[in-house]
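The block underneath contains the structure these notes are about, expressed in structure tokens.
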Amino acid sequence: MPTAVPERPAGLSRAPSAGAGSGKGVALPRGVGRTAARIAALTACQAGLLVGLGLLITGPARDRWPLTVEDHVDEAFERGRTGTLTTLSFIGSEAGNTLTVITLTLAACLVLVLLPRLPMWRQAVFLAVAVSSQALVFLVITLSVDRDRPDVDRLDASPPTSSYTSGHTGAATALYAGVAVVVLSRGRGPWRRAVGVLLLLIPLLVGVARLYRGMHHPTDVVGGIVNGCLSLLIVGRALLVDKSVTAPPPAGSLPVADGTRAEPHHGTTIVIFNPTVTDEATRVSLRRVLDHNGHRAPVFVETTRDDPGSGQTARAIRDGATLVVVCGGDGTVRTVADALAGSGVPLAVVPCGTGNLLARNLGLPLSPAEALEAALRGTSHPLDLGRIEGDDLPATHFAAMSGAGLDAAMIEHTDERAKSAVGWPAYLLAGISTLRTPRMGLTIRLDGAPAVRRTARMVLVANVGTVQGGLTLLPSARPDDGRLDLLVLDPRGPGGWLRAVGTLLRGRSRAPRATTLDTLATRDGDRTGVPVEFFTFRRAELVFDSPQSRELDGDPVGPGRRLTAEVRPGALTVLLPSREK
Ligand SMILES: Nc1ncnc2c1ncn2[C@@H]1O[C@H](COP(=O)(O)OP(=O)(O)OP(=O)(O)O)[C@@H](O)[C@H]1O
């Protein structure tokens, strides 16, 4: 079908603007700096978590089980000592000694980089950074937590560091489990599983050796293992898994599936991009993907601070766009989706923002060029949108999640420069400072049911359920089920938080059922002490006792006392990767 859009419509620019990308002077390139900043931010959270656990162990939880029986474990090891076991424990302990770990890490990195058939720079950097980061966290812990060594005869000289955590075990976990990760992910032969398992056993043996030698309590060893594992997870995700944080691919390396050019696309493709999060290199790579897929003359349009997407989209629809591509974060996707709602014009989502929740939930690749390639080679699907309004909040749509309380306060407090520098961990850092957001009282009315009362630290109305790190907050949320979901989070005290985290970590398969209209009445007894509740509905009215921070798809919208959300089934047509690919 010939295009109805003029060659160069008013307000639409064909060439990327000179100012594009300069919206935020502080934005770092999506390369090494951003990856390093992300690792640093998550490592700071790791240190905070482990110090918190240490303070808990040496403070309020000191007289609680299982800490009260820890000494028995050390005493049992002391009673069971023999000459041979002592020699073996010495070898085990030496495997996690600082000098051994430094020497072996250097050797492993040299092997990975120098062996002619191997060169694996990424893996070498992964290993070196993981081992260093766990050492750094260990240092922070030992400076912040003061725990005495076990009261048994100790077989090694006691270093001046705190008993919590076991440095030997942490270092051994980062090194040997790190090498196991490399072997299991990159090794080829039948030996790789056996070698991987043997390597994974070493940190456990180091931990047991430290217990045997009377140097640590069991929780110190567990802390060491957790420290090493978290370093591997953070550094591994940033360097080995999450390719979205690396620099844009060089020309010629774009993911054009079979190298052949697709048939020309008939119609007009409008690319609406947020210049503060979509840099020039990304736009060039997107242009190339579009060209390869037959979209010969895409029109690139910038969002602005005053019009972050809906005006440009409305104009594109009026001008006869046959495909809208949105490049930005959830905020930009939301404003574009709001204008597209009910139009039937298909949307390709290109994640260029910080959270990119919708893209993550739709299973799109997180690299912009790969996401566009997958969408263009995929098929269109009708997805639901949430229509939402409130006091001082005119009716609009959201595509992923909206809410009030803790999560909205976190978004309000997230520093824009931190978002540019470290990506989504910036939300985590802000989240720590908002954990003490006061509990709210609210009235919830779902569909036609009678209103129910709740207290909560946070309420989330969601079209999709998964957030960063693969954590599923709303297990029954589906973007195409014609319903929305509600999460009410109300943990009380450390125990309540632990239960809440436990419930949320259970994931989709073992999560409690969401309350529906039918079960609402039977469940509405005294809900005090229930840390997490799930509801599913078509229309919800939430009225807060006092004004609450509110957010729509990750953008703060100012405090208010009311939110009314309604599902609009199938209102947005989205190009999604084909299943078989
Ligand atoms: N040209 C522009 N100049 C300044 N700000 C802009 C411009 N265009 C859009 N914005 C603003 O940028 C903000 C963030 O946009 P976006 O949602 O695309 O990225 P993000 O916040 O990093 O992503 P996410 O929501 O996924 O974390 C929005 O508040 C929007 O109003």
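The values are calculated or read from the model by the stated rules, or taken from the named source; none is laboratory data. Bear in mind that the values here come from a model prediction, so they are computed numbers and not experimental data. Every residue, glycine among them, receives a Cβ derived from its backbone with ideal geometry; neighbour counts consider all protein chains shown. Only protein heavy atoms, including side chains, enter the accessible area calculation; ligands, DNA and RNA are left aside. Shrake-Rupley method; radii C 1.70, N 1.55, O 1.52, S 1.80 Å.
Checked across region 466-477, the condition of being modelled with pLDDT of 95 or more, of a type in the set (S, T, N, Q) and out of contact with any Leu (no Cβ under 7 Å at 6 or more places or on another chain) holds for no residue.
Every condition in (1) within 28 Å of the chain's Cα centre (by Cα); (2) under 26 Å from PRO569 (Cβ atoms); (3) not hydrophobic (A, V, I, L, M, F, W, C) is met by THR322 except one, and the failing one is (1). As a summary of the residue check, ASP415 satisfies the conditions (1) without any contact (Cβ under 8 Å) to a residue 24 or more places away in the chain; (2) away from the ligand (no atom under 15 Å from the Cβ) except for the one numbered (2).
Across region 301-349, the qualifying residues are those that are within 16 Å of the ligand (Cβ to nearest atom) and hydroxyl-bearing (Ser, Thr, Tyr), and the one among them that is most open to solvent (accessible area, probe 1.4 Å) is THR304.
Matching residues to (1) within 16 Å of the ligand (Cβ to nearest atom); (2) open to solvent by 10 Å² or more (accessible area, probe 1.4 Å):
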{"position": "SER367", "(1), (2)": "yes, yes"}
{"position": "ALA371", "(1), (2)": "yes, no"}
{"position": "SER380", "(1), (2)": "no, yes"}
{"position": "ARG387", "(1), (2)": "no, yes"}
{"position": "ASP392", "(1), (2)": "no, yes"}
{"position": "GLY405", "(1), (2)": "no, no"}
{"position": "ILE411", "(1), (2)": "yes, yes"}
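Of the residues screened, ASP291 is not one that is open to solvent by 40 Å² or more (accessible area, probe 1.4 Å) and within 14 Å of the ligand (Cβ to nearest atom). Close Cβ contacts (under 6 Å, 6 or more residues apart or on different chains) running from residues in region 523-539 that are at pLDDT below 65 to residues that are open to solvent by less than 40 Å² (accessible area, probe 1.4 Å) comprise ARG523/THR515; ASP524/VAL452. Pairs meeting the criteria (first residue in region 139-162 and within 11 Å of VAL51 (Cβ to Cβ), second residue assigned to a loop (DSSP other than H, G, I, E, B) and among the small types (Gly, Ala, Ser), beta carbons under 8 Å, at least 6 apart or on different chains) are ILE141/SER162; THR142/SER162; VAL145/SER162. Please work out if ALA449 is within 16 Å of the ligand (Cβ to nearest atom), open to solvent by less than 40 Å² (accessible area, probe 1.4 Å) and under 21 Å from ARG539 (Cα atoms). No, not satisfied.
When you scan region 266-273, do you find a residue that is open to solvent by 30 Å² or more (accessible area, probe 1.4 Å), farther than 18 Å from ALA400 by Cα and within 9 Å of the ligand (Cβ to nearest atom), even just one?
no
Within region 81-95, the set of residues being touching a residue at least 12 places away in the same chain (Cβ under 8 Å) and open to solvent by less than 60 Å² (accessible area, probe 1.4 Å) comprises ARG81, THR86, SER89, GLY92, SER93, ALA95.
So in region 173-201, with the set limited to residues that are under 29 Å from the mean Cα position of the chain (by Cα) and either of a type in the set (S, T, N, Q) or not in a helix (DSSP H, G or I) (or both), which one is surrounded by the most Cβ atoms within 10 Å (Cβ to Cβ)? Residue satisfying both the conditions and the ranking: THR173.
May I ask you to say which residue of GLY403, GLY448 is among the small types (Gly, Ala, Ser) and part of a loop (DSSP other than H, G, I, E, B)?
Values: GLY403 fails: part of a loop (DSSP other than H, G, I, E, B).
Of the residues listed, the single one that is among the small types (Gly, Ala, Ser) and part of a loop (DSSP other than H, G, I, E, B) is GLY448.
Checked against (1) away from the ligand (no atom under 16 Å from the Cβ); (2) at pLDDT 85 or above; (3) among the hydroxyl-bearing types (Ser, Thr, Tyr), SER549 meets all criteria but (1).
This table checks each residue for (1) surrounded by fewer than 24 Cβ atoms within 10 Å (Cβ to Cβ); (2) within 28 Å of the chain's Cα centre (by Cα); (3) assigned to a helix (DSSP H, G or I).
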position	(1), (2), (3)
ALA124	yes, yes, yes
ALA130	no, yes, yes
ALA135	yes, yes, yes
LEU143	yes, no, yes
ARG147	yes, no, no
PRO150	yes, no, no
ARG154	yes, no, no
TYR164	no, no, no
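Among the conditions (1) touching a residue at least 40 places away in the same chain (Cβ under 8 Å); (2) outside any loop (DSSP other than H, G, I, E, B); (3) farther than 18 Å from THR105 by Cβ, the only one that GLY170 does not satisfy is (3).
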